[in-house]
Every structure is written in structure tokens, then in C-alpha cells.
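So the structure is just underneath, and the comments pick up after that.
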Amino acid sequence: MIDWNGYHKQLLSRIGELGRHSPDTLTGYRTLSAARETTQKLSAKTRELIALAVAVTARCDGCIVVHADAALKAGAEPDEISEALAVAVALGAGAAMVYSARVLDAVAVKSGSAPAESLR
């Protein structure tokens, strides 16, 4: 298993290092990150559940560790987190299904068995 607590600490250290080398990059990121909270239409817990689902589909370990911590602090329960992850799994499968259709379309066009119209 990954040492998530150690990884989290190392990640934050490296992000701090990036901020020292490129302060505008870190400032821009923080501005974008803060913008998600300005409307307050979604609860912090809901935002973090969405962030975890996106982290899974983006395959971002850093996102996972940061947003797992934030989701728990926002009151998310393990079963709620699991449900959000199930949405991510379904979305990943759905995306694979859509791109499978694109492959079949490309094969049909390339093999000459279909008109040169493609999925758009």
C-alpha cells in the first residue's frame, strides 16, 4: 500500500518548491482552486466528492490524497465516497464505450467499408 500520509507531506513540499521557483504558477492555481468555492451552490462535501471522482478518472494520486483528506474533513462518509467512485468507474467505462465506437468508425472508413463520414 502507498504511504498516503508520507506522500501527502512530500507532495505539499514539492508544490511549495514549485511555488518558490514559479510563484505565478502557484498563485494562478490557487486562484482557480478558490474560484470553485465562490458561489457556494454546492456544499464542501459535494465538491470534494466530485473532486475525488475526477481524481480517479484523471489518475492523479496527488489529487486523490488531497481530496480524500478534504472530503473526510468535510464530513464525507466512506459509503458516500464509494458511491462517488462508482460514478467515476461508470464514467470511465462509458468513455471507453464511446471511444470503442470511434475505433469501429475509423476502421470502417479506413477499410473502405463506410463512407468518409466520421463520428464528430
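Using 0.36 nm per residue of separation minus the Cα-Cα distance, give me the extension gain between His21 and Ala34 in nm, one decimal. Write down the numbers at each step before the final one.
Details: separation 13, 0.36 × 13 = 4.68 nm, distance 2.15 nm.
The span from His21 to Ala34 would gain 2.5 nm if fully extended.
In nm, give the distance between the simple-model label positions of Ala86 and Asp3, each being 7 Å from the Cα along the Cα-to-Cβ direction.
Between Ala86 and Asp3, the simple spin-label model gives 3.5 nm.
At 0.36 nm per residue, minus the direct Cα-Cα distance, what do Val109 and Arg14 gain on full extension? Give it in nm, one decimal, please. Spell out each step's value before the answer.
On the way: separation 95, 0.36 × 95 = 34.20 nm, distance 4.71 nm.
Additional length available on full extension: 29.5 nm.
Could you size up the charge dipole of the range 1-52 around its Cα centre, putting +1 on the beta carbon of Lys and Arg and -1 on that of Asp and Glu, and report it in debye to the nearest 20?
Values: 8 positive and 5 negative charges, 31 e Å.
Dipole about the Cα centre, nearest 20: 160 debye.
In a GNM of the chain with a 10 Å cut-off on Cα contacts, which of Ala106, Ala68, Ala76 has the highest mean-square fluctuation?
Of Ala106, Ala68, Ala76, the most mobile in the Gaussian network model is Ala106.
Could you go through the range 86-98 in sequence order and give the Karplus-derived ³J(HN,Hα) for each residue, using 6.51 cos²θ - 1.76 cosθ + 1.60 with θ = phi - 60°, rounded to whole Hz, and x for Gly and Pro?
For the range 86-98, the Karplus curve yields 5, 4, 4, 4, 5, 5, x, 5, x, 5, 5, 5, 4 Hz.
Answer with a single label: of [x] 11.3; [y] 7.1; [z] 7.5, which was calculated as mean projected area of the Cα convex hull in nm² from the structure in view?
After the calculation, the listed value that fits is [x].
Once you keep just the Cα pairs under 8 angstrom separated by 6 or more residues, what percentage relative contact order results for the chain? Walk me through the intermediate numbers first.
Working: 63 pairs, mean separation 24.2, N = 120.
With pairs under 8 Å counted, the relative contact order is 20 percent.
Work out which GluC sites (Glu not before Pro) in the chain are exposed loop sites (DSSP not H, G, I, E or B, at most 15 other Cβ within 10 Å) and give the longest gap free of them.
38-116
Where a number appears in this text, it was derived from the coordinates with a stated rule and is not lab data. Predicted model only: the values in this text are computed from it and were never measured. Every residue, glycine as well, gets a Cβ built from its backbone with ideal geometry; the counts of neighbours run over all protein chains shown.
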